[in-house]
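Working notes, beginning with the structure itself.
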Amino acid sequence: MTTMKVFRCPGRHGYAVEASPFLPNRLACAASQFYGITGSGSLFVLDQTETGVVLVRSWQWGDGLFDVAWSEANEHVLVAGGGDGSLQLWDSANQNAPLRVAKEHTQEVYSVDWSQTRAENLIASGSWDRCVKVWDQNLGRSLATLRGHEGVVYSSIWSPHIPGCIASASGDGTLRVWDVKAAACRLAVPAHKAEILSCDWCKYDQNLVATGSVDCSVCVWDLRNVTQPVSQLLGHSYAIRRVKFSPFSRTVLASCSYDFTVRFWDFGRRQPLLDTVEHHSEFVCGLDFNLHVPHQVTSLSLSPSSLPVVDQLKHTTHEVSIPLSLLGSLSGLFFLCNNN
Amino acid sequence: MNRLKLISGHLSPGGSAAPLPDLRSSDCGCAAPSPEDEVVVVHGRRTAIGKAKKGSFKDTTPDELLSAVMTAVLEDVGLSPDQLGDVCVGNVLQPGAGALMARVAHFLSGFPEKVPVYTVNRQCSSGLQALLNIAGSIRSGSIQLGLACGVESMSLRSMGDPGDLSSGLSANAKARDCLIPMGVTSENVAERFRVSRQQQDAFALDSQIKAARARDSGRFDQEIVPVSVTVRDESGRERRLEVRKDEGIRAGTTLEDLARLRPAFKPDGTTTAGNSSQVSDGAAAVLLGRRAAVEELGLPVLGVLAVVGVPPHLMGVGPALAIPAALQQAGLKVNDIDVFEINEAFASQVSALPSGRPSGCRRLLLVPGTQLISISMSPCCLFSLLWMLFSSSRYLLICSSLLFLFCFSSSSSPIGSSV
């Protein structure tokens, strides 16, 4: 049974949602006025309760906000990227104004990501100015600027396995993998003939990256052999806005699209499409798995009347091929392996 | 625009890498239409205004009056009736607002059965409402050409039967007010805005003089359709005559004559038969079309429609609000208008208008309709329309009714003051 909780915020269109790595019920949402075309932006910190979704904190920003990332070091801190090219560091415990604002990008910041490798504590930002920038957790001056993309950068994500490694997706149709220390591009994959709006690393295989594109497909790439994708997932009827690998399964990922749906895939199966969720009434832009609660996915659409829709897909069973012991340590829950 | 362009680029099906070219803002379609979609007035005619119960149309059925004007309008421009998308007729007193009567008039005029007709009743504004309905149908693309008409015979029917009303009426103040005779509402306006008997009589006199001058100078000859009718006198004798001239204009009226009249609605009131409109018979028809269709058929374009509806606070003072609104919609200023025409049933209403006539306007014309048509003004507003069509000047027509007010503006040039 899919159950849903909805948070409504009139006049704001949701662009990104991320589940807190510390608090199982906490979400951060970046939203913009006027579909993000113009106007201001808002950042929301929300808690899920048994009955619904509750606002903990919200902030306003002078321009639209397009992405948000929680700190991996401090449960109260988050970073957001805005249409004015700035990154802001926010503290949900204390401040009304941001802790820090860094304005180096010359165009919209469409992606912010906080490195999951605890030792690193770095922030990556991807911008329409075609650059990816790396920052320390205090958002001082940027530590590196990665140039090379020939189109706007839509997504820049730290590898969860390889330190100092970022994957980026661009309007130039390429997926690039960067070595931050060398500030160089290690790999440029012409992954799609259309713009690539999102990418994400597999949490269980350091070689796998998924890309979601305007050509309506999600591709899974093995970086050791990029001549063709490991899997091509078709089903969406409009551009893929975001892809996210499951934190619980090597082959499961979720994608959300301008076709108003969220889809779940298992590329290990012959028929990879697991489920299609059609609860949204607008472009779905934000997507995240909950690290603490398996099968809980938050998706976010541009519809002003709803912020995150939290799906609990208890009815969907996935074929998993990870050791039970590892599963146990991650979630404390037991998965059923089921062949459909 | 850059964000819009970029995101729009994501939506091309199948996903090409190039974003959509040439994104620009465009006006919402419910604002000004493009020139070929404008609603234009092609032509119009009317019958003379007959004095009800005593005048030349007293024994004439409304379908005959309506048929006369419908035929005349189409014949004048050489348009075959099967080109009409719809016909709307304003009427008040006939049963069912004259739906059956109108269909009969259709066939009397030789219209083919596939041309539909319907009637509308918005009391005194019925004729004008018919105009707006047809304009709306054209604007929404349902039809290309339509005929808007109005007809009333106050000789053969009167306001007597209010219909089937709830007994709860008496407990509801507003519902009760619906039954107030118009004359009494005129008194209410006069009292509220302190319009004296003298002011009303002076206005009425002015109106009569102008109406007589207009009629005698032949200004109305072009628009009036002569109608051959039978009139029965008291002894039952019948005679045929052709009606060409408006009746009820009292050229020789003097202030003393008017002052002698007793108040008609309230013992100590100010509204008399002299400063009120008469009850009348008459019909009018106006041909409207979508500009592109009209030009394709080679028909003339006399004006462009700019309409503003103003909800009444009190019946009759709306023109003060409606004038600026309509001018703004037509993109005109007060000084651009050559003639302001105000149709009012009662002089009290016209006099109650604050600040009188706008400066810069060359004359304030009170159409004979002001003084000749009272309760049923269905054709009245159309009469004024026709006057305007033939006068080839920039003209702002304001009609009032029980319920609401309209401003209508036209322009001399076919392009017109654009809406």
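The values are calculated or read from the model by the stated rules, or taken from the named source; none is laboratory data. Keep in mind that this is a model prediction, so the values were computed, not measured. Neighbour counts are summed over all protein chains in view; Cβ atoms, including those assigned to glycine, are modelled from backbone coordinates with ideal geometry. Side chains included, ligands, DNA and RNA excluded: accessible areas come from the protein's heavy atoms. Shrake-Rupley method; radii C 1.70, N 1.55, O 1.52, S 1.80 Å.
Conditions first: (1) free of Cβ contacts under 8 Å to residues at least 60 places away in the same chain; (2) open to solvent by less than 20 Å² (accessible area, probe 1.4 Å); (3) under 14 Å from the mean Cα position of the chain (by Cα). Residue A:247 passes all but one, so which condition is the exception?
Status for residue A:247: all satisfied but (1).
Return the pairs, sorted by first residue and then second, in which the second residue is surrounded by fewer than 20 Cβ atoms within 10 Å (Cβ to Cβ) and not in a strand (DSSP E or B), the first residue lies in segment B:129-148 and is free of Cβ contacts under 8 Å to residues at least 24 places away in the same chain, the beta carbons are less than 8 Å apart, and the residues are 6+ apart or on different chains.
none
Can you tell me which residue in segment A:165-179 is nearest to the other protein chains (Cβ to nearest Cβ), limited to those that are over 18 Å from residue A:123 (Cα atoms) and not charged (D, E, K, R)?
Looking only at segment A:165-179, we keep the residues that are over 18 Å from residue A:123 (Cα atoms), and these are A:170-175.
Right, trim to not charged (D, E, K, R) and you get A:170-171, A:173-175.
Values: A:170: 11, A:171: 8, A:173: 6, A:174: 11, A:175: 14 Å.
Looking at the filtered set, the residue picked out is A:173.
Return the residue satisfying two criteria in turn: it lies in segment A:1-37 and is hydroxyl-bearing (Ser, Thr, Tyr) and modelled with pLDDT of 80 or more, and of such residues it is farthest from residue A:69 (Cα to Cα).
Within segment A:1-37, the first condition is being hydroxyl-bearing (Ser, Thr, Tyr), and the residues that meet it are A:2-3, A:15, A:20, A:32, A:35.
Applying the additional criterion that residues be modelled with pLDDT of 80 or more yields A:15, A:20, A:32.
Numbers: A:15: 12, A:20: 9, A:32: 16 Å.
Applying the filter and picking the extreme gives A:32.
Would you pick out the residues in segment A:72-88 that are of a type outside the set (D, E, K, R) and over 22 Å from residue A:285 (Cβ atoms)?
A:73, A:74, A:76, A:77
Kindly list the number of the only condition in (1) open to solvent by 20 Å² or more (accessible area, probe 1.4 Å); (2) out of contact with any His (no Cβ under 6 Å at 6 or more places or on another chain) that fails for residue B:117.
(2)
Here's the yes/no breakdown for (1) at pLDDT 85 or above; (2) open to solvent by less than 60 Å² (accessible area, probe 1.4 Å):
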position: B:144; (1), (2): yes, no
position: B:148; (1), (2): yes, yes
position: B:154; (1), (2): yes, yes
position: B:165; (1), (2): yes, no
position: B:170; (1), (2): no, no
position: B:188; (1), (2): no, no
position: B:193; (1), (2): no, no
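If I ask for residues that are open to solvent by 60 Å² or more (accessible area, probe 1.4 Å), touching a Leu at 6+ places or on another chain (Cβ under 8 Å) and within 30 Å of residue B:179 (Cα to Cα), which ones from segment B:247-305 would you list?
B:273
Scan segment A:138-159 residue by residue and report those that are open to solvent by 10 Å² or more (accessible area, probe 1.4 Å) and either on the phi > 0 side of the Ramachandran plot or out of contact with any Ser or Thr (no Cβ under 7 Å at 6 or more places or on another chain) (or both).
Matches in segment A:138-159: A:138, A:140, A:141, A:142, A:143, A:144, A:145, A:147, A:148, A:150, A:157.
Determine, yes or no, whether residue B:95 is in contact with a strand residue (DSSP E or B) (Cβ under 7 Å, 6 or more places away or on another chain) and either more than 29 Å from residue B:301 (Cβ to Cβ) or open to solvent by 20 Å² or more (accessible area, probe 1.4 Å) (or both).
no
Counting just the residues of segment B:120-136 that are of a type outside the set (A, V, I, L, M, F, W, C) and touching a strand residue (DSSP E or B) at 6+ places or on another chain (Cβ under 6 Å), which one comes out surrounded by the fewest Cβ atoms within 10 Å (Cβ to Cβ)?
Here is the first cut: in segment B:120-136, the ones of a type outside the set (A, V, I, L, M, F, W, C) are B:121-123, B:125-127, B:129, B:133, B:136.
If we keep only those that are touching a strand residue (DSSP E or B) at 6+ places or on another chain (Cβ under 6 Å) too, we end up with B:126-127, B:129, B:133.
On the way: B:126: 31, B:127: 37, B:129: 25, B:133: 18.
Of everything passing the filter in segment B:120-136, B:133 is surrounded by the fewest Cβ atoms within 10 Å (Cβ to Cβ).
Considering only segment A:147-164, state which residues are more than 14 Å from chain B (Cβ to nearest Cβ) and either without any contact (Cβ under 8 Å) to a residue 40 or more places away in the chain or of a type in the set (Phe, Trp, Tyr) (or both).
Within segment A:147-164, A:147, A:158 qualify.
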